[in-house]
Structure formats: structure tokens, C-alpha cells
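Undergrad: Take a look at the following structure, please.
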Amino acid sequence: MEMKIGAKLIKLRQRKGLTQNQLAEMLGISAPAVSKWENDNSYPDITLLCPLARALDTNIDTLLQFEETLTEKEIQEKLNALLESTVQKGHEYGEEMLNGLLHKYPNSYALKFNASLVFDTFRILFPTADKELLEKWHSRKKELLTNLYSCAVSDYRQQAILNLAIMAINDDDLARGEQLLNELPEHAVDTTIAWFQLYTKKNEPEEALKISQKRLYTFIRQVQFCLTALMSPNLGYSDEHALEICEIYKTIDQLFGLGGLYDGLFLHIYLRMKRYDDAAACFVHYVDVMDGNLILPKKDLFSPGLDIKEHQPAVTTELKKMLLKGLEDEIFKPLLSYPECREAIKKLEADCHLQNEF
């Protein structure tokens with residue numbers, strides 16, 4: 001990768017208020033020599049670098065545009081530009097540019113990881129590439145990931161392990177793939193796809209099913225958590241908008257059979273909107289659900305992945321006590337004017353009292 005320092009020299013010289021002649025005199029060289037440097041037609045002799053840096057009140061790193069590292073944004077910008085040029089000029093140009101970047105920033109873990117993914121993009125951009133070229137890209141990607149895997153301090157090590165595991169599984173090296181997956185801390189990165197591929201290749205369909213079901217359950221719960229967060233009045237959404245989000249939450253809950261406790265969310269929104277009749281109906285239904293057995297996730301979607309046990313209480317006694325305690329808040333006072341709500345509260349109190357005596 002060709003180094004161009006002309007623009008930097010011009011900027012530093014002008015900042016000092018020097019002409020080309022003045023800078024040349026300070027260094028004991030000719031003005032045309034400075035002109036060639038600034039036009040990128042030649043470079044300063046290595047013996048002149050220190051005097052040149054001192055003359056311009058800078059250091060050699062700045063003079064040569066040395067960058068210790070790259071930000072994620074800079075990496076993406078450079079790689080996007082590289083891929084755009086590769087489409088126009090071919091894969092050989094792209095490979096040369098990528099290698100140049102890697103040589104220029106040899107200690108950038110982020111660049112190495114993102115560069116490894118570029119070789120996958122090459123496969124998409126050049127679908128007719130021959131077997132030899134595909135193997136070359138495969139090998140180069142593996143080399144970069146292996147380098148990250150060997151660096152214990154790298155933030156990208158876990159991603160490198162996961163990608164190496166997937167490569168091993170795709171190469172039918174199942175033992176190596178499983179070994180790498182087992183090196184990853186639990187919940188560090190999402191390994192669902194890798195484990196699914198491994199179990200499928202090992203002809204263990206039930207294990208592949210379990211891992212998929214567990215991930216589906218976790219994903220849906222994460223979606224519900226995000227929806228709950230979006231209902232917060234602190235985000236500036238209107239209560240009407242929060243109610244729409246709550247309806248989405250309810251639909252997901254009913255589709256997958258995830259507990260049926262969504263009335264607690266509706267309750268708070270209705271109270272904020274002063275829709276007390278709707279709030280009272282929600283509260284009564286909420287207590288009925290809490291007083292019954294847990295609504296189980298749908299077996300055809302989540303079993304055997306989840307250990308689904310029937311006849312479990314919907315909520316713990318502690319949660320019921322928390323609800324009773326929360327009813328002391330001023331916002332819940334309007335509910336006390338409804339006889340059905342007072343009866344529901346008595347049911348909660350009795351239930352907690354009976355369970356405490358056991």
C-alpha cells in the first residue's frame with residue numbers, strides 16, 4: 001500500500017507559516033526537493049525525517065501519518081470502500097488492498113476479525129471463483145481467526161472461536177468443532193447455529209431440536225422484555241402508544257403460551273389513563289391467573305428443549321405479597337371502589353395467609 005505524506009507536509013508547513021524555500025533552507029536542501037515531497041513524487045531521505053519533524057514542530061509518527069489503531073467506524077468505512085473497489089476492479093485488487101490494510105495495522109484485532117469476514121463477501125461477489133481460489137480465501141480466513149484465537153487478551157477471541165468452530169463443522173471436523181464450542185463460556189456469544197449444525201451432522205436430531213427450542217424461548221423472552229421497556233412512561237411515548245405495545249406483548253404471550261400475566265401490564269397503563277373500569281377488570285383477571293396454575297409454554301414448540309412441569313403455581317407467594325404491598329400506592333386507590341377488586345384483594349390476602357401457615 002503506497003504511503004502518501006504530501007498533504008500532511010503541506011498542512012504542517014502552512015501551519016508553521018513557512019514557504020517551501022524557507023523549509024528547504026532549514027534542512028539544507030533545495031526547494032524542488034520539498035516540492036517533490038509535497039506532490040508525492042518522492043519521499044524524504046530517512047536521515048532527514050527527524051530534522052524535518054523538528055522543523056515542523058511535530059513527531060515522526062504524525063509526519064508519516066502513523067495511526068496506532070482504528071476505530072470500528074473507520075474499519076467499516078475502509079472495508080466498505082475496499083469492497084466497492086473490488087466489485088469494479090476484481091478480487092485480486094481487493095485481496096491486495098486487504099493485505100495492505102492488515103500490514104499497515106498489524107495489531108488491530110478488530111480489523112483482523114472484520115477482514116476475516118470479508119473473505120465470505122468475496123465468495124458472494126465472485127460466485128464463479130474456482131476451487132483453488134475458494135480454498136485460498138478459506139485458508140486466509142482461518143489464519144486470521146486462528147491469530148485472534150491465540151491472543152488471550154483480544155476482545156474478539158470468543159467470536160473467533162465461534163467462527164472457527166463453524167468452519168470446522170462445515171469441514172466435517174466435528175470433534176474440533178465441538179471442542180471449540182465447549183471452550184466458550186456459557187451465554188458469552190450465541191452458539192445456537194453452530195451447535196445445531198454440529199448435532200445435525202452427528203445425526204443427533206433431538207439435541208438439535210433442544211438447542212433450537214431453548215434459543216427460541218430465550219429470544220421470545222428478550223423480545224417481551226424490550227416491549228415491556230418500551231411501555232415505560234419515562235420514554236416519552238403516549239399511553240395510547242404504550243397500550244398498542246401491550247397488545248403486541250399479549251399476542252406474543254398467547255401465541256407461545258408464556259404465562260398469561262400480561263394483565264399486570266395493562267393494569268398500570270389503564271390506571272395512568274384513568275380508565276378505571278378497564279383497570280378493575282384487568283386486576284380481577286390478573287389475580288385469577290395468579291391464583292391458578294402456571295400456563296405452560298406450548299409443548300410442540302418448546303418440548304423437549306424446556307423441562308416443562310405441569311401443575312406448577314402461576315406465581316410464588318412472595319410475588320403475591322409484593323402485589324399486595326404495591327396496592328398501598330396512591331395510583332391503585334381507585335380500584336378499592338370496585339367490589340370485585342376488594343374481593344380479589346381478600347383472595348390474595350387469604351391465599352398468602354394460608355400458604356404461610358404450611
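Undergrad: Can you tell me which of 258-266, 87-95 comes out highest on packing, and rank the rest after it, using the mean Cβ neighbours within 10 Å?
TA: Numbers: 258-266: 19.6, 87-95: 14.3.
The most tightly packed comes first, giving 258-266, 87-95.
Undergrad: Modelled label-to-label distance, GLU96 and ILE295, 7 Å Cα→beta-carbon offset: nm?
TA: Distance between the two pseudo-spin positions: 6.4 nm.
Undergrad: Give the lysines whose C-alpha is closer than 26 Å to that of LYS11, dropping any in the same chain fewer than 8 places away, or say none.
TA: Output for LYS11: LYS36, LYS73, LYS78, LYS104.
Undergrad: Students often forget the sequence filter, so: which lysines lie under 18 Å Cα-Cα from LYS136 once same-chain residues fewer than 8 apart are removed?
TA: Straight-line reach from LYS136, under 18 Å: LYS112.
Undergrad: Taking LYS333 as the anchor, which lysines have their alpha carbon closer than 16 Å to its alpha carbon, excluding any fewer than eight residues away along the same chain?
TA: LYS274, LYS325, LYS346
Undergrad: Each residue of region 71-85 in order: what ³J(HN,Hα) in whole Hz does its phi give by Karplus 6.51 cos²θ - 1.76 cosθ + 1.60, θ = phi - 60°, with x for Gly and Pro?
TA: These are the phi-based 3J(HN,Hα) values: 7, 4, 5, 5, 4, 5, 5, 5, 6, 5, 5, 4, 5, 4, 5 Hz.
Undergrad: Given a Förster radius of 35 Å and the C-beta distance between SER139 and LYS214 as r, what FRET efficiency does 1/(1 + (r/R0)^6) yield to the nearest 0.05? Write out the running numbers ahead of the final one.
TA: On the way: r = 34 Å, r/R0 = 0.97.
That gives a FRET efficiency of 0.55.
Undergrad: So if I take the alpha carbon set of region 123-191, get Rg, then get Rh from the Kirkwood formula, what is the Rg over Rh ratio? Write down the numbers at each step before the final one.
TA: On the way: Rg = 13.3 Å, Rh = 12.9 Å.
Expressed as Rg/Rh, it is 1.02.
Undergrad: Can you tell me which of ASP155, ASP253, ASP45 moves the most in a GNM of the chain? Springs connect C-alpha atoms under 10 Å apart.
TA: ASP45
Undergrad: Give the distance, in whole Å, between the Cα centre of region 94-158 and the Cα centre of region 211-232.
TA: 33 Å
Undergrad: When the label point is put 7 Å from the Cα of ARG176 along its Cα-to-beta-carbon vector, which residues of region 200-237 have a backbone N closer than 18 Å?
TA: 201-202
Undergrad: At a Förster radius of 22 Å, what calculated FRET efficiency corresponds to the Cβ-Cβ distance of ASP277 and ARG342, to the nearest 0.05? Display every interim value, and only then the final one.
TA: Numbers: r = 15 Å, r/R0 = 0.69.
Given R0 = 22 Å and the Cβ-Cβ separation, E is 0.90.
Undergrad: Once you have a ≥ b ≥ c as the square roots of the Cα gyration tensor eigenvalues for region 6-63, tell me rounded if a/c is under 1.5, and otherwise prolate or oblate according to whether a/b is larger than b/c. Intermediate values should be presented prior to the final figure.
TA: Values: a/c = 1.16, a/b = 1.08, b/c = 1.07.
Here region 6-63 falls in the rounded category.
Undergrad: Right, another one. For a protection proxy built on the mean count of beta-carbon atoms within 10 angstrom, sort 178-188, 108-118 highest first, please. Write down the numbers at each step before the final one.
TA: Numbers: 178-188: 13.5, 108-118: 20.6.
Going from most to least packed, we get 108-118, 178-188.
Undergrad: Continuing with the same structure: Once phi is turned into θ = phi - 60°, what whole-Hz ³J(HN,Hα) does the Karplus curve with 6.51, -1.76 and 1.60 give for every residue of region 115-123, x standing for Gly and Pro?
TA: Result, rounded to whole Hz: 5, 4, 6, 4, 5, 5, 5, 4, 4.
Undergrad: Multiply the residue gap between THR192 and LEU319 by 0.36 nm, knock off their C-alpha separation, and tell me the result in nm, one decimal place.
TA: Working: separation 127, 0.36 × 127 = 45.72 nm, distance 3.27 nm.
Gain on stretching THR192 to LEU319: 42.5 nm.
Undergrad: Once both axes come from the Cα atoms, what is the angle between helix 174-183 and the longest principal axis of the chain, in degrees from 0 to 90, rounded to 10?
TA: For 174-183 against the chain, the angle is about 80 degrees.
Undergrad: Answer rounded, prolate or oblate for region 72-208, using the Cα gyration tensor with square roots of eigenvalues a ≥ b ≥ c: rounded when a/c is under 1.5, else prolate when a/b is larger than b/c, else oblate. All intermediate terms of the calculation are to be shown ahead of the outcome.
TA: Details: a/c = 2.36, a/b = 1.49, b/c = 1.59.
Oblate shape, in that a/c is at least 1.5 and b/c is the bigger or equal ratio.
Undergrad: What ³J(HN,Hα) values, in whole Hz, does the Karplus curve 6.51 cos²θ - 1.76 cosθ + 1.60 give for region 130-137 when θ = phi - 60°, with x put for Gly and Pro?
TA: Computed from phi, the couplings for region 130-137 are 6, 4, 4, 5, 4, 5, 5, 5 Hz.
Undergrad: Here's a follow-up. Starting from 0 in steps of 10 Å, tell me what percent of the Cα-Cα pairs of region 200-267 lands in each bin.
TA: Per 10 Å bin, starting at zero, the Cα-Cα P(r) for region 200-267 comes out as 19, 40, 22, 13, 6, 0 percent.
Undergrad: Computed FRET efficiency, Cβ-Cβ of THR251 and ASN39, R0 45 Å: what is it to the nearest 0.05?
TA: Numbers: r = 66 Å, r/R0 = 1.47.
E between THR251 and ASN39, to the nearest 0.05, is 0.10.
Undergrad: Tell me, in nm to one decimal, what length is gained between CYS151 and ILE46 on full extension, where the rule is 0.36 nm per residue of separation less the Cα-Cα distance?
TA: Values: separation 105, 0.36 × 105 = 37.80 nm, distance 3.38 nm.
Contour length minus Cα-Cα distance gives 34.4 nm.
Undergrad: Once the convex hull of the C-alpha atoms of the chain is built, how many Å³ does it hold per residue, rounded to a whole number?
TA: On the way: hull volume 90.4 nm³, N = 358.
In the chain, the Cα hull volume divided by residue count equals 253 Å³.
Coordinate-derived values only; no laboratory data. Just so you know, these numbers come straight off a predicted model, no measurement behind them. Note that we place each Cβ from the backbone using ideal geometry, even for glycine, and neighbour counts take in every protein chain shown.
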